[in-house]
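Written out below as structure tokens is the structure these notes cover.
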Amino acid sequence: MTFKNLQLNSAMLRAVKRVGYNKPTPIQVRAIPHILNGRDIVGCAQTGSGKTAAFALPIVQMLEQARGLRRIRALVLAPTRELAAQIDEEFGKFGREKSLRHVAIFGGVGQQPQVSALKRGVDIVVATPGRLLDLMDQGFIRLDQIEFFVLDEADRMLDMGFIHDVKRIIRRLPKLRQTMLFSATMPPTVQDLSRSILIDPIKVEANPQSTTVDTIAQSLYFVERSEKRALLKHILRDAASEKVLVFTRTKHRANNLAKQLNRARIPAEAIHGNKSQTARTKALEQFKSGHTAVLVATDIAARGLDIDAVSHVINFDLPNLPESYVHRIGRTARAGASGAAFSFCDIDERKYLNGIEELIRQPIPVVADHPYISAIDPPQAKSPARKPPRANRRRRSRRSRRAS
Ligand code: AMP
């Protein structure tokens, strides 16, 4: 399949060539023709699947085809500032210079440059809900001419408590519009929301929510909580020159860990919701450019981050939501590259491990020969042949019943 098969016009084909996309990703193949046909879309896709271009390319094409007076005609809502900035950048790559104008609207920075951009006139607004509502309330933004509305990372948006803000924004949109909702997971709350804002949508799926990318080598380290830091340093000695994204459960643990690593002369930065936008952007830039080898993040801060060539994802703490595991490890092995995901599991995290293995329907291979192996549960820790997750167990027992 090529981009030419997707009903994109010559300007868009030149744009994808210019940015170096040789071949459409699965979500692009599935979504672009339907969007160009004017259909509402509900897309189950993770960041890393190429979903931004899946909606940005057809939106830019349609906006350019029917140009009129400059007004806000496309609105993309994203849960985090970083994601809004990334999406805005992607629009910048595809729109022809001087033809379409776009702006990212998010909090944590002064509103004046955003207001000035709005006053000059824009076609596309990419925003987080809070600042958008602020500027709407101040009269700087009107949404009554919106033709295209994208709700990105809908599941995270709801997890972060934005449902009322999102609903307030949607009430201000024209009824007649094309709507696209993207979400990594489809819990009932997201399904309810999509039923209320989409009309006869086409469902497009790139990564079913329980699958993990095949190119990611996953490993599990059983370790006592108090030894996790030593184990991390031990691993980083090997991987120190590469880009390593480490996840902790809390902001406090992210801060402490980054400090400890720096003390051990491993350049590290922490990124989480308590940091100012400037500090977050700086930490991200330092990591992207390779100045810091290790970025320590919490789930919310890392959600949707588009960082090239992350070589390792390390779950310093296992996530309590199994879907977050899939999401976290999806930060590596992006756009066809390979990657590794290491997960540390202490005795209290066993319950989370079970949930993860049930979701991904496979046991994570155990590293049985590291120096900090947990003494809490040696028989299971040392044996790679742990009980398979429940989904497999059921399948196996059915199979053996059939065989007998
Ligand atoms: P996204 O899922 O939209 O965050 O995209 C993840 C990364 O894949 C971004 O760095 C995009 O620039 C890149 N990307 C998107 N589409 C393609 C494509 N067709 N070929 C190669 N890279 C792509």
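The values are calculated or read from the model by the stated rules, or taken from the named source; none is laboratory data. For clarity, every value in this text was computed on a predicted model and none was experimentally measured. Cβ: placed from backbone, ideal geometry, glycine included. Neighbour counts: every protein chain shown. With ligands, DNA and RNA removed, areas are computed over all heavy atoms of the protein, side chains included. Shrake-Rupley method; radii C 1.70, N 1.55, O 1.52, S 1.80 Å.
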Log entry, pairs with first residue in region 247-268 being closer than 15 Å to Ala293 by Cβ, second being open to solvent by 60 Å² or more (accessible area, probe 1.4 Å) and basic (Lys, Arg), beta carbons closer than 8 Å, six or more apart or on different chains, reads Leu257/Arg229; Gln260/Arg229
Failed item, numbered, when Met180 is tested on (1) out of contact with any Asp or Glu (no Cβ under 6 Å at 6 or more places or on another chain); (2) outside any strand (DSSP E or B)
(2)
Can you tell me which residues in region 198-215 are surrounded by fewer than 19 Cβ atoms within 10 Å (Cβ to Cβ), among the β-branched types (Val, Ile, Thr) and at pLDDT 60 or above?
Ile199, Ile202, Thr215
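Count, please, the residues in region 108-127 that happen to be in a loop (DSSP other than H, G, I, E, B) and either touching a Lys or Arg at 6+ places or on another chain (Cβ under 6 Å) or touching a residue at least 60 places away in the same chain (Cβ under 8 Å) (or both). So that I can check it myself, show each step before the final result.
Step one: of region 108-127, the residues in a loop (DSSP other than H, G, I, E, B) are 108-111, 121-123.
Cutting the leftovers down to either touching a Lys or Arg at 6+ places or on another chain (Cβ under 6 Å) or touching a residue at least 60 places away in the same chain (Cβ under 8 Å) (or both) gives us 108-109, 121-123.
Number of matching residues: 5.
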Of the residues Leu69, Leu133, Leu83, Leu75, only one is within 27 Å of the chain's Cα centre (by Cα) and farther than 21 Å from Ser183 by Cα; which?
Leu133
Restricting to helices (runs of 4 or more DSSP H) lying wholly in region 284-398: which have 1 or more residues that are modelled with pLDDT of 85 or more?
322-329, 350-360
Output the helices (runs of 4 or more DSSP H) that fall wholly within region 1-88 and possess 3 or more residues being within 13 Å of the ligand (Cβ to nearest atom) and open to solvent by 10 Å² or more (accessible area, probe 1.4 Å), or say none.
10-19, 26-36
